[in-house]
Structure formats: structure tokens, C-alpha cells
1. Distance check, please: which entries in Lys35/Lys181; Lys48/Lys176; Lys86/Lys160 exceed 24 angstrom between their Cα atoms?
2. Relative to the present Cα-Cα distance, how much length would full extension add between Lys181 and Gln373 at 0.36 nm per residue of separation?
3. Which percent of the accessible heavy-atom area of the range 110-177 goes to carbon and sulfur, probe 1.4 angstrom?
4. Name the shape class, rounded, prolate or oblate, that the alpha-carbon gyration tensor gives for the range 56-156, where a ≥ b ≥ c are the square roots of its eigenvalues, rounded holds for a/c under 1.5, and otherwise prolate holds if a/b is larger than b/c and oblate otherwise.
5. For Val91, Val377, Val65, give me the order by solvent-accessible area with a 1.4 Å probe, most accessible first, ignoring ligands, DNA and RNA.
6. Cα atoms only, the range 103-196: Rg and Dmax in Å?
7. Can you list the HN-Hα couplings for the range 178-186, worked out from phi with the Karplus curve (6.51, -1.76, 1.60; θ = phi - 60°), rounded to whole Hz and with x for Gly and Pro?
8. Please report the accessible area of Trp55 (heavy atoms, 1.4 Å probe, ligands and nucleic acids excluded) in Å², nearest 10.
Amino acid sequence: MNIMDFNVKKLAADAGTFLSRAVQFTEEKLGQAEKTELDAHLENLLSKAECTKIWTEKIMKQTEVLLQPNPNARIEEFVYEKLDRKAPSRVNNPELLGQYMIDAGTEFGPGTAYGNALIKCGETQKRIGTADRELIQTSALNFLTPLRNFIEGDYKTIAKERKLLQNKRLDLDAAKTRLKKAKAAETRSSQLNSARLEGDNIMIWAEEVTKSEQELRITQSEFDRQAEITRLLLEGISSTHAHHLRCLNDFVEAQMTYYAQCYQYMLDLQKQLGSFPSNYLSNNNQTSGTPLPSTLSNVVGSSAMASTSGLVITSASSVSDLKESSGSRKARVLYDYDAANSTELSLLADEVITVFSVIGMDSDWLMGERGNQKGRVPITYLELLN
């Protein structure tokens, strides 16, 4: 029975407090009551926290879109995360494309130039898919998770304490209003000079003033305490920014690693594909049924085929003449080439170098010379000049 009485009294007190806050809030909006303003430093901290929350949410959501463009996949991952279960592994787009290329190359025949090239491209695409998966995992762990922890953890605590501060501020202003009304009523009662009842009224209002002053002291103390708690939490936003900066550096490093891997994979693929253009043209001749002149059987790339006057085409006969002679020729570089090891010479597109043949060298390579630098260069990257 006592517990029930206590619960009823507590419920009534809570209802009275809620009503008092609602009245104070309404009167403030209507301009009928004064409002205690927070100090400028606290207002700046609140604004900084709100700004941090808004932009953190935007950055987090857009990063998720960047890493996983498929909205259905993002929803699925979100559901599994809320269920505290691991999402099933799925093949990503580069891996799927790579598998299709490998299957197509196998179907066309690994012995054909096109089939071989498809298989090589497919393997590279699958490696890019693996790198993409590693980027997503690293970014989620080192970048997205800290941002999400701030939104769902630290900022929720700040918002809770901020709401509590707002309630304490309403209680304080309501107490100020009640004290102001009690003093006004006491003053009016003291101005009445007649009946005994009037004297009783003076005593009643004096007691009301004393009670209101005590209530004001309590609410002022509670407001100051809550303002200090909120201020301490908000000052932690600077530490949050420093932490997010470290996470941003981790994200940039993960992206740098990913793009460097992709660049290296494609560079290696370009070298592999550049080692058999003559086979590529031979394969096209077999399938298209349109024979090319013998002088064009070793033309490098489609750009060489489509060239106009002024371009000297590297033909099989010119390469053979160079290999059989002991002399050297000038050659223009068609594409950039990065040396794979110390025996090769790196090339820049459009530069002119000296090339010559060495006995026993592979048929796809010549020896290149640029000043004091010397090394093997692939024939497919060169255009021999007269």
C-alpha cells in the first residue's frame, strides 16, 4: 500500500513538473515569459556539436555509397548488422566480370590470342575485385565504424544531456516566474489596510515568497550542475575531431593502397597484352577472312593501322633487316613503358631512342639506348624510323 501511495505521489509530481515546463515553454514562445539564455561559450559548443553530427552523418552515408553502390546490398548489410549476424559473402562486380572473361577465354581457346588475352584480363579483374573487397573491409573498420560510434554513442549522450539541460532551464525559469508572481501578490496584499483577513493574506503570500525563493535556489543549482556536465561533454568534440582526423588518414591510406594495387595490376596486364600484338592480328585475319598485306603483318596496335602520312610503320621486314645487320636504327616510342627489372629500359611516349639487335635476344625485344642508359625494350612499343 505504501509503495502504491509512493508511486501515485511520484506520478503526480512528474505530471506537475511536465505541466509546469509545458506552460513555461508556451509562454516563452508567445513572448509572455522571460527565458534564461545560455552563455556564449556553451552556445558555441552546442552549435559545433550539432554541425559535427550533421556532417559526420553525410560523410558516413556517402562513403557507404562509394564503397557499396548497390542500395539493396547496403540494406541487406544493415539488417544483418542489426541482427548481429554476418552478411553472406557475395561476388563483387570486378570478380564477376573477371570470371566471365575467364570462362569466355576458355571457351574460345586459351591457345588463341583473343582467348589468352581474355583469360589474362579476367585474372586481373579478379585481383582488382579482391583489392576492392579489402578496401571495403579496411574502410569499414578504420573509418566508418568510428564515425558510426560517434553518431550512435557519443552524440546520443550529448543529445540526452542537452535535453536534460533544456528541462532544467525550463524549471529554473518557471521558478523565477512563480517567485515574481508571489512577490507581486505580496506587494498588493501589503497595500490593503483593513480587515484581519487581509493580514492573513499577507502572511500567506510571505510564505509563498519564501517557498518560491527556496525552489529558485534549488532549480538554479540543478541548472548550473547540468550546464557544467553538458559543457564537459561538448568540450570532448575537439578530441572527436582529432580522432576522426586519424581515421580519415587511415581511409586515405587504404584508398592509396587500393589504387596503387589496381594501377600495378593494369600495368602488368598491359605488358602481358603488349607482348603478342602480332598474334592478335594473325588471329583477327583467321576469323575475319580479310587478309592484310604482308608488310602490315607485324603492325603494332590499331593506332598504327589507322595512321596517315608521316608515320613510319614497324614491319616484320624492317625488324628482320635490323636483326640481321650489325647496325643501329632510330625508333620513336609509341607508349610509355616501365622497366620490369634492371635489364630493361623505361620509355616515354614520343621520345626517340637508338635501337639495335643482340645475338641470342628474344625475337620480341631489341636493345635500346638513350644517352648513357641502355636496356632491353619491347618491339611492340616502337616505331622504327628511316
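1. On the way: Lys35/Lys181 16 Å; Lys48/Lys176 30 Å; Lys86/Lys160 31 Å.
Where the Cα-Cα span goes over 24 Å, the pairs concerned are Lys48/Lys176; Lys86/Lys160.
2. On the way: separation 192, 0.36 × 192 = 69.12 nm, distance 9.63 nm.
Extra length from Lys181 to Gln373 when fully extended: 59.5 nm.
3. On the way: 1630 of 3120 Å².
Answer for the range 110-177 is 52 percent, counting heavy atoms of protein chains only.
4. Details: a/c = 3.87, a/b = 2.91, b/c = 1.33.
Because a/c hits 1.5 or more and a/b exceeds b/c, the range 56-156 counts as prolate.
5. On the way: Val91 95, Val377 0, Val65 55 Å².
The most accessible residue leads, giving Val91, Val65, Val377.
6. Calculated on Cα positions, Rg and Dmax stand at 37.3, 121 Å.
7. These are the phi-based 3J(HN,Hα) values: 5, 5, 5, 5, 5, 5, 5, 5, 5 Hz.
8. Near enough 140 Å² of accessible area.
The values are calculated or read from the model by the stated rules, or taken from the named source; none is laboratory data. Fair warning: this is a prediction, and the values are worked out from it, not measured in the lab. All Cβ positions, even for glycine, are placed from backbone atoms using ideal geometry, and neighbour counts span all protein chains on display. Remember, those area values only see protein heavy atoms, side chains included, never the ligands or the DNA or RNA. Shrake-Rupley method; radii C 1.70, N 1.55, O 1.52, S 1.80 Å.
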